[in-house]
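In what follows, a single structure is set out as structure tokens and then discussed.
The values are calculated or read from the model by the stated rules, or taken from the named source; none is laboratory data. Predicted model, so just to flag it, every value in this text is computed and none were measured. Using ideal geometry, Cβ is built from the backbone for each residue, glycine included, and neighbour counts are taken over all protein chains shown. We work out accessible area using only protein heavy atoms, side chains counted, and drop any ligands, DNA or RNA first. Shrake-Rupley method; radii C 1.70, N 1.55, O 1.52, S 1.80 Å.
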Amino acid sequence: MSASAVFILDVKGKPLISRNYKGDVAMSKIEHFMPLLVQREEEGALAPLLSHGQVHFLWIKHSNLYLVATTAKNANASLVYSFLYKTIEVFCEYFKELEEESIRDNFVIVYELLDELMDFGFPQTTDSKILQEYITQQSNKLETGKSRVPPTVTNAVSWRSEGIKYKKNEVFIDVIESVNLLVNANGSVLLSEIVGTIKLKVFLSGMPELRLGLNDRVLFELTGLSGGKNKSVELEDVKFHQCVRLSRFDNDRTISFIPPDGDFELMSYRLSTQVKPLIWIESVIEKFSHSRVEIMVKAKGQFKKQSVANGVEISVPVPSDADSPRFKTSVGSAKYVPERNVVIWSIKSFPGGKEYLMRAHFGLPSVEKEEVEGRPPIGVKFEIPYFTVSGIQVRYMKIIEKSGYQALPWVRYITQSGDYQLRTS
């Protein structure tokens, strides 16, 4: 079972708007939510699910609002939370900013949306592009004869409207990989993973069927392509957009789908392979008591020489009582950010195989401060275009449409830093 009712509360817990879907939980029960939340917060035992007697409150907070779903049954909690986050996404598409003021200014639209998003406690139409076809913000313009619900809502393909036309048919594919890395002080890798997403921008007429081919190891083994020159990648934790035919993927690993119009995320995946750190950092921090601290940082690009990392930012932690900074860099620029207690070394363009140095000199107060806090790690941000660290490749993109037009697929690869940290000794 799913939600009985959904409430949107202000920061004090006062209901702004609510929708009762099933009528099996009294609407007055919401009065117990805020006192319960405050009590749990004081006890340090705050949880995303709070219970009062037979009623369960599943809640999330967004800016100055609480979205709360109530249920008296053993509901599917992950479904309810997914629905609440999707509701926020839809409201943000409509009102740009979702806060108390935007709810008060758009009561009618919010109520209409709550009506369409869920039916009898079960999520219904949650695609904002489809909702915008028949719930418009010009709600004061009442035109007769336009009350017909778009066929998209009742279609098998609820995420794409019929009759879309473009002069130029194109598909843009972005393969974006984020590298999460944690290296300890003696240089050994503690955590290493790649989180990838494939995003599409679709400008295609009609109802096209798309087939995407990747160098997926399981597919290569099924078709006998593995071995030799064919480099393959083993994808884990693969998640797809609702448009992908999962039964087809389970059978023969074919990614087949009718795409939504415009931008969307087709799939995400993870690889827990040992990644060689793309930008390696070595640091020496010397502290001279009561006078100064000297920091030397060496950065080395450990990726292919023909690739270039753009917008590199290396955040080096410094003592909180440091002052009068002086810097010397072999490339780029360094600046002290006292509110974060870091030096940020910015390098616009960092080619593979290169090595650069940065020296920083800080004064310290004459009174020794008790060093209680541990030293934070060095953080690195970067982006390497035309490169994937996992070696994933788009082998083909087939576009099939009954009118038989020719369409161009464009592919772009980007590797960027995720949570990329190197501990210092």
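Structure data summary
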item: Flag if residue 343 is among the β-branched types (Val, Ile, Thr), at pLDDT below 90 and over 23 Å from residue 178 (Cα atoms); result: no
item: Residue check for residue 307: of a type in the set (S, T, N, Q), closer than 25 Å to residue 182 by Cα and modelled with pLDDT of 90 or more; result: yes
item: Residues of segment 61-78 satisfying the condition of being more than 27 Å from the chain's Cα centre (by Cα) and open to solvent by 20 Å² or more (accessible area, probe 1.4 Å); result: 72, 73, 74
item: Strands (runs of 3 or more DSSP E) fully within segment 251-332 counting 3 or more residues that are over 22 Å from residue 377 (Cβ atoms); result: 255-257, 262-271, 323-329
item: Criterion (hydroxyl-bearing (Ser, Thr, Tyr) and closer than 24 Å to residue 129 by Cβ) met by exactly one of 247, 268; result: 268
item: Residue match in segment 237-255 (condition: touching a residue at least 24 places away in the same chain (Cβ under 8 Å), in contact with a Phe, Trp or Tyr (Cβ under 6 Å, 6 or more places away or on another chain) and under 27 Å from residue 352 (Cβ atoms)); result: no
item: Residue check, residue 353 under 30 Å from residue 194 (Cα atoms) and surrounded by 16 or more Cβ atoms within 10 Å (Cβ to Cβ); result: no
item: Residues (part of a strand (DSSP E or B), open to solvent by less than 80 Å² (accessible area, probe 1.4 Å) and touching a Phe, Trp or Tyr at 6+ places or on another chain (Cβ under 7 Å)) located in segment 386-415; result: 413, 415
item: Check on residue 383, at pLDDT below 95, open to solvent by 40 Å² or more (accessible area, probe 1.4 Å) and under 20 Å from residue 182 (Cα atoms); result: no
item: Residue among 3, 45, 26 that is buried (at least 16 other Cβ atoms within 10 Å of the Cβ), modelled with pLDDT under 95 and either out of contact with any Pro (no Cβ under 9 Å at 6 or more places or on another chain) or closer than 20 Å to residue 111 by Cβ (or both); result: 3
item: Failed criterion for residue 100 (all others in (1) among the charged types (D, E, K, R); (2) in contact with a strand residue (DSSP E or B) (Cβ under 9 Å, 6 or more places away or on another chain); (3) open to solvent by 70 Å² or more (accessible area, probe 1.4 Å) hold); result: (3)
item: Yes/no for residue 348 being in a strand (DSSP E or B), basic (Lys, Arg), out of contact with any His (no Cβ under 6 Å at 6 or more places or on another chain) and open to solvent by less than 80 Å² (accessible area, probe 1.4 Å); result: no
item: Residue, farthest from the chain's Cα centre (by Cα), within segment 165-198, restricted to residues that are hydroxyl-bearing (Ser, Thr, Tyr) and either assigned to a strand (DSSP E or B) or under 16 Å from residue 261 (Cα atoms) (or both); result: 166
item: Selection status of residue 273, of a type in the set (Ser, Thr, Tyr), more than 20 Å from residue 407 (Cα to Cα), more than 26 Å from the chain's Cα centre (by Cα) and open to solvent by 50 Å² or more (accessible area, probe 1.4 Å); result: no
item: Any chance residue 291 is among the small types (Gly, Ala, Ser), loosely packed, with under 15 Cβ neighbours inside 10 Å, more than 30 Å from residue 401 (Cβ to Cβ) and modelled with pLDDT under 90; result: yes
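A quick yes/no check of all residues on (1) touching a residue at least 12 places away in the same chain (Cβ under 8 Å); (2) open to solvent by less than 40 Å² (accessible area, probe 1.4 Å); (3) part of a helix (DSSP H, G or I):
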site: 13; (1), (2), (3): yes, yes, no
site: 19; (1), (2), (3): yes, no, no
site: 59; (1), (2), (3): yes, yes, no
site: 80; (1), (2), (3): yes, yes, yes
site: 93; (1), (2), (3): yes, no, yes
